[in-house]
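The next block holds one structure in the form of structure tokens; read it before the comments.
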Amino acid sequence: MTARHLWRVLLVGAVLLGAPRAGIADDQASSLAAWQRLLPVLEHPRCLNCHQANVPLQGDERRIHLPRVERGPDGMGDSAMRCTACHSQAANNPSSGAPGAEGWSLAPETMVWQGLSSGDLCRLMKDKARNGNRTPEQIVEHVDKAPLVRWGWAPGGSRSTPPLGHAEFVQQMKLWAAGGAACPQ
Amino acid sequence: MTHQFPSRRAFLAATAATAGAFVLATFVPFPGRALAQGGPPPGPYDPNLFIRIGADNTVTVVVKHLEMGQGVSTGIPTVVAEELDADWADVRFEFSSNDTAHYNNLFFGPAMGTGGSTSINESFDQMRKAGAAARAMLVAATASEWKVPAGEITVASGVVAHPGSGHKARFGELAAAAMQLPVPTEVTLKPVSSFKLIGTRLPRLDSVGKTTGRAQFALDIRRPGMLTAVVRRPDHFGAAVATLDDAAARKVAGVVDVIRIPSGVAVLATDTWAATRGREALKIEWDLSKAERRSTAEILAEYGRLADQPGMSAIKRGDAAAGLGRAVKTIDAEFAFPYLAHAPMEPMNCVLEVKGGKAEMWAGSQLQTLDTFVLAKILGLKPENVAVHTTLGGGSFGRRANPQGDWASEAAAIVKAIGGKAPVHLVWTREDDIKGGFYRPLSFHRVKAGIDAQGRITGWRHTVVSKSILIGTPFEKMGIKDGVDSASVEGIVDTSYAIGDMSVELHNPASPVPVLWWRSVGHSHTGHVMETALDELAHLAGKDPLDFRLALLAAKPREQAVLKLAADKSGWGSPMPKGRGRGIAYHESFGTRVAMVAEVAAGDTDFKVERIVAAVDCGIAVNPDVIAAQLEGAVGFALSAVLRNKVTLKNGVVEQGNFDDYEPTRIGEMPRVEVHIVPSAEHPSGVGEPGVPPLAPAIGNALFAATGKRVRSLPMELGRTA
Amino acid sequence: MLTLNVNGTDHQLDVDPEMPLLWAIRDRLDLTGTKFGCGRALCGACTVHIDGDAARSCSIMAGDAVGKKIVTIEAVSGKVADAVRSAWQQLDVVQCGYCQSGQIMSAINLLSDNNKPSDAEIDASMEGNICRCGTYVRIRAAIHEAAKTLA
């Protein structure tokens, strides 16, 4: 049994027992368990492809964005290669196939996830200096409501979706936040 | 005052007995070597066919070729204007009609067409004569009007003058009278040394239109009531429609009709978007009984097996086997080349309108005469009732010269099916283009070659496996000899290098995958094989690759000069930093000699081409800037085939479809390119294609110099060694 | 029915809002200087300016362009446009010319943002415009040339 499964059993057990107030250790354990379930979502191409340093990736094969585009001054590309040159800020383009959603851009430079360990990514997520000045609760709000995040679950075309459903993802984010946003080493 | 063309004369009277039975019996095929050597036969030079001088002094040169980027619409007018002594500022161009009796390509016999890098080569003398004849007619008209001796009249920069009397007139004032005069039977041409326009950097005549959006390509043609058609073709080459359900397609807003045609199912609509949406809604089952179902890996494996068996002899000189027996060192090298799509930026398209027993097509056609016959046959018209209006071609690289007239025949089938009730614009999408076949053939080569103790080549056995381009086309009769397609072995059997004991054998296996000439045709693979194998032999012999080549070109000063020029300008022989390498290659095609030195920076799995130094000898350099541009462009074009381009089949279905998986070179990959032209007074040869063949081997040889790794097959993938 | 402002004029068009702007421009307004190359925002032949920024009209839905100022190659004007066109003509950048409308529209965007781009900046900005004829050497040179005249 993997650690992830173990945590899930413990978590389900805690819920079933209706434990009124778990101890700090339990909170942390459930938070960590939630994080383990969040991680494959965050590392899924729908999320990670645009949490890149300078050049976004594309597709499930995570190839360099074609044509090659760069971050530019505001994460929206530069001069003739702005994101909006091809991507709608409202919806996928049914004709060209170019995906689109409100806020379509690279994630801010502080939110580069590529290459981070699970622990480092987790600590980045809750570091207000790097996460857009968000509290854990605001992160939950963000992943629940932000159109660009939600697009990851309705990406269109032949694009795969993250391993958790969106509702489940938000639920796990809540658990992670509620348990103190615990991070692995 | 402008002048009318002579009325269209009997169209191809000599050969056009029946539409569709058209065979180019006297045709010298594009890849034929004869082009370069014998020079073109004479053609008509009546100035009224090729030159129109307006009252406003403009000199409009009628160009019989397709402008597809190669600069012919500047080059041909330059040649005419030179002999005419026109003012370049007054010179314009327009495309000729498809009056084949007058506008045939002199190398193509009774056919109008652009290809094989022949344009300047075939019409240089003809256009000079037309210009000189017009000049003589202007002088004669002036002499009689001014009543002065013709010998005292001067012509310069569009002005005719008689210095003695002080008379002076611009062309526009004299042209009306001049062009009524009989065409001189003898014309005197300028000595090469007095050229004023030829050899200078004149601006392209198509630059302004192409930078303002005004230039008109076939895709830009609009006719009243025109419908747009797209065609759903099968995913498998050789498949046919079994069942069609078009109910949903007909419901798409804007869709007007759905028609079965031989190549698939056409959807007609009021605009392109509606047509493509209608096409997406078609439900078709395909009959695959005659279809290609193999994958390219299987085809290539079969080619590899064939290469080990005796093939048709393309050339046998001396005794290659005995020569190899004498060798002290040998190479045994295999080279594989993928199918390649031409992928011109303007997808295939044409507009066809049939009214009152006459047809008009607007197209960027490279083979107007063949397309005329294709249209005439399908539409049941006489060829003389089919007009082809040549538009600018948005690139071609050979794709718009299809002996089977694929897109013209689709348009004809559609217009015929709707009884000509509307003009039809047939449009291919990019996916149609990449998946649509007519590829550079998939090819496989095996070379066994050896050297003696002094490093001299003792024997060369070469086997080529490649589907024939010419079999089954009107070009078959001239292009195939004893079963051997010259387009598969050109560049080997006629190599410039002195290789004494040589045998070349060919297999041309059949396949439903349609193939076509792709910029430089057979040279696109044979040049790479020859220049890579030679480089391997040079290293085997412990000789400098440049010296090794020069020794094999001992009696060939033009070849040597080109190689030396490229080498000198590149700094050949000077040390390169670690991880970088320099490689040289030389190849002659279509009568033009090109050498290239490539500089590459190599990593473990990747490499960057940083600099290309090219030298070219194409005879008289009509426009050195256009020549440089063609060489620069050939580098950009051919680089994509070096880096990554390949069309592959999986169980018969093409795996690529657009510029993401068939990605041309982009600007960030473009190396610096320097082009040096060998001065020459020889008859000019073409520059559209000859820049392509030497690029890949120069890069491969540079990679070897940088890494010690030999990458033989294209595209070059560093993980792969053969 | 929607209204598109193209080259300074409002056009009432009876088109589906999902129709690519490219086809509205080419097939409804008959402005054919903007080219169709790939239909998937991969080649840049269809580049126009929307509110001054380069955009691939094959990947912009007509409905998304409502209320914006669309400018095509036929009408693009101003100091930068003039400098770019004249550099293109002076250096004879074009070969077949089919991609050049898009190249020029992208180059104008680049030089409007950056009046002295380096080779690397040119490459980064022009990466979305494919030229199959391979005129890239001259595209770079012409952008430098235009920058010089604008300086």
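The values are calculated or read from the model by the stated rules, or taken from the named source; none is laboratory data. Every value quoted in this text rests on a predicted model; they were computed, and no experiment measured them. Cβ: placed from backbone, ideal geometry, glycine included. Neighbour counts: every protein chain shown.
Among what's in the range B:624-668 and is within 7 Å of chain C (Cβ to nearest Cβ) and of a type in the set (Phe, Trp, Tyr), pick the residue that is nearest to B:Lys569 (Cα to Cα). Result: B:Phe637. Would the range B:588-606 turn up any residue that is touching a Phe, Trp or Tyr at 6+ places or on another chain (Cβ under 7 Å), at pLDDT 95 or above and of a type in the set (Lys, Arg)? No, because not a single residue in the range B:588-606 is touching a Phe, Trp or Tyr at 6+ places or on another chain (Cβ under 7 Å), at pLDDT 95 or above and of a type in the set (Lys, Arg). Residues in the range B:254-297 that are touching a Leu at 6+ places or on another chain (Cβ under 7 Å), more than 24 Å from B:Asn651 (Cβ to Cβ) and of a type in the set (Ser, Thr, Tyr): B:Thr270 only.
Here B:Ala242, B:Ala249 are screened, and the one residue that is crowded, with 21+ Cβ neighbours inside 10 Å, more than 10 Å from every other protein chain (Cβ to nearest Cβ) and not in a loop (DSSP other than H, G, I, E, B) is B:Ala249. When each of B:Pro694, B:Pro671, B:Pro684 is tested for being touching a strand residue (DSSP E or B) at 6+ places or on another chain (Cβ under 7 Å), more than 9 Å from chain C (Cβ to nearest Cβ) and more than 30 Å from B:Arg293 (Cβ to Cβ), the lone residue that passes is B:Pro694.
B:His528 satisfies every condition listed in (1) part of a helix (DSSP H, G or I); (2) out of contact with any Pro (no Cβ under 7 Å at 6 or more places or on another chain) except (2).
The rows are residues; the columns are (1) out of contact with any Ser or Thr (no Cβ under 7 Å at 6 or more places or on another chain); (2) surrounded by fewer than 24 Cβ atoms within 10 Å (Cβ to Cβ); (3) at the interface with another protein chain (Cβ under 7 Å from one of its Cβ atoms).
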position: C:Asn114; (1), (2), (3): no, yes, yes
position: C:Ser118; (1), (2), (3): yes, yes, no
position: C:Asp123; (1), (2), (3): yes, yes, yes
position: C:Asn129; (1), (2), (3): no, no, no
position: C:Gly134; (1), (2), (3): no, no, yes
position: C:Ile139; (1), (2), (3): yes, no, yes
position: C:Ile143; (1), (2), (3): yes, no, no
position: C:Ala146; (1), (2), (3): yes, no, no
position: C:Leu150; (1), (2), (3): yes, yes, no
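Conditions (1) over 22 Å from the mean Cα position of the chain (by Cα); (2) closer than 15 Å to B:Asp319 by Cα; (3) in the same structural domain as B:Val594 (by TED's automatic domain parsing), marked per residue:
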| position | (1), (2), (3) |
| --- | --- |
| B:Gly459 | yes, yes, yes |
| B:Val465 | yes, no, yes |
| B:Ile469 | no, no, yes |
| B:Val484 | no, no, yes |
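Residues in the range B:413-444 that are part of a strand (DSSP E or B), of a type outside the set (Lys, Arg) and in contact with a Ser or Thr (Cβ under 7 Å, 6 or more places away or on another chain): B:His425, B:Val427, B:Ser443. Of the residues making up the range C:1-58, those that are assigned to a loop (DSSP other than H, G, I, E, B) and of a type outside the set (Lys, Arg) number 27. Using the structure shown, decide if B:Leu340 is within 14 Å of chain C (Cβ to nearest Cβ) and closer than 17 Å to B:Pro262 by Cβ. When the stated conditions are applied, B:Leu340 does not pass them.
Against the condition modelled with pLDDT under 95 and within 14 Å of chain C (Cβ to nearest Cβ), how does A:Ala85 come out, does it pass? No, not satisfied. Among the residues of the range B:260-281, those identified as surrounded by fewer than 20 Cβ atoms within 10 Å (Cβ to Cβ) and more than 14 Å from chain C (Cβ to nearest Cβ) are B:Arg260, B:Pro262, B:Ser263, B:Ala281. Could you tell me which numbered condition C:Ser59 fails, if it satisfies all but one of (1) outside the structural domain of C:Arg140 (by TED's automatic domain parsing); (2) closer than 17 Å to C:Ala146 by Cα; (3) of a type in the set (Gly, Ala, Ser)? The failed condition is (2). Residues in the range C:95-112 that are under 15 Å from C:Glu145 (Cα atoms) and either touching a Lys or Arg at 6+ places or on another chain (Cβ under 7 Å) or within 7 Å of chain B (Cβ to nearest Cβ) (or both): C:Ile104 alone. Within the range C:59-78, the set of residues being more than 10 Å from chain B (Cβ to nearest Cβ), buried (at least 22 other Cβ atoms within 10 Å of the Cβ), part of a helix (DSSP H, G or I) and in contact (Cβ under 8 Å) with a residue 40 or more places away in the chain comprises just one member, C:Ala65.
Cβ-Cβ contacts under 8 Å between residues 6 or more apart (or on different chains), taken from a first residue in the range B:705-717 that is farther than 15 Å from B:Phe335 by Cβ to a second residue that is aromatic (Phe, Trp, Tyr) and crowded, with 21+ Cβ neighbours inside 10 Å, are listed as B:Ala706/B:Phe607. For the range C:26-39, filtered to residues that are under 16 Å from C:Arg132 (Cβ atoms) and over 14 Å from the mean Cα position of the chain (by Cα), the residue that is nearest to the other protein chains (Cβ to nearest Cβ) is C:Cys38. The listed residues are B:Leu649, B:Leu631, B:Leu643, and the only one of them that is of a type outside the set (Ser, Thr, Tyr) and under 18 Å from B:Phe607 (Cα atoms) turns out to be B:Leu643. I'd like to know if the range B:488-497 contains one or more residues that are buried (at least 18 other Cβ atoms within 10 Å of the Cβ), under 27 Å from B:Tyr439 (Cα atoms) and among the aromatic types (Phe, Trp, Tyr). The answer is no, given that none of the residues of the range B:488-497 is buried (at least 18 other Cβ atoms within 10 Å of the Cβ), under 27 Å from B:Tyr439 (Cα atoms) and among the aromatic types (Phe, Trp, Tyr). Among the residues of the range B:289-299, those identified as in contact with a Pro (Cβ under 9 Å, 6 or more places away or on another chain) and in a helix (DSSP H, G or I) are B:Thr296, B:Ile299. Residues in the range B:170-211 that are polar (S, T, N, Q) and over 19 Å from B:Asp85 (Cβ atoms) were compared, and the one that is surrounded by the most Cβ atoms within 10 Å (Cβ to Cβ) is B:Thr211.
With respect to the conditions (1) at pLDDT below 95; (2) under 27 Å from B:Trp273 (Cβ atoms), A:His65 lacks only one, and its number is (1). Does B:Leu138 satisfy the criteria of being more than 14 Å from chain C (Cβ to nearest Cβ) and surrounded by fewer than 22 Cβ atoms within 10 Å (Cβ to Cβ)? No: the conditions fail for B:Leu138. Scanning the range B:131-141 for any residue that is in contact with a strand residue (DSSP E or B) (Cβ under 8 Å, 6 or more places away or on another chain), modelled with pLDDT of 95 or more and in a strand (DSSP E or B) turns up nothing.
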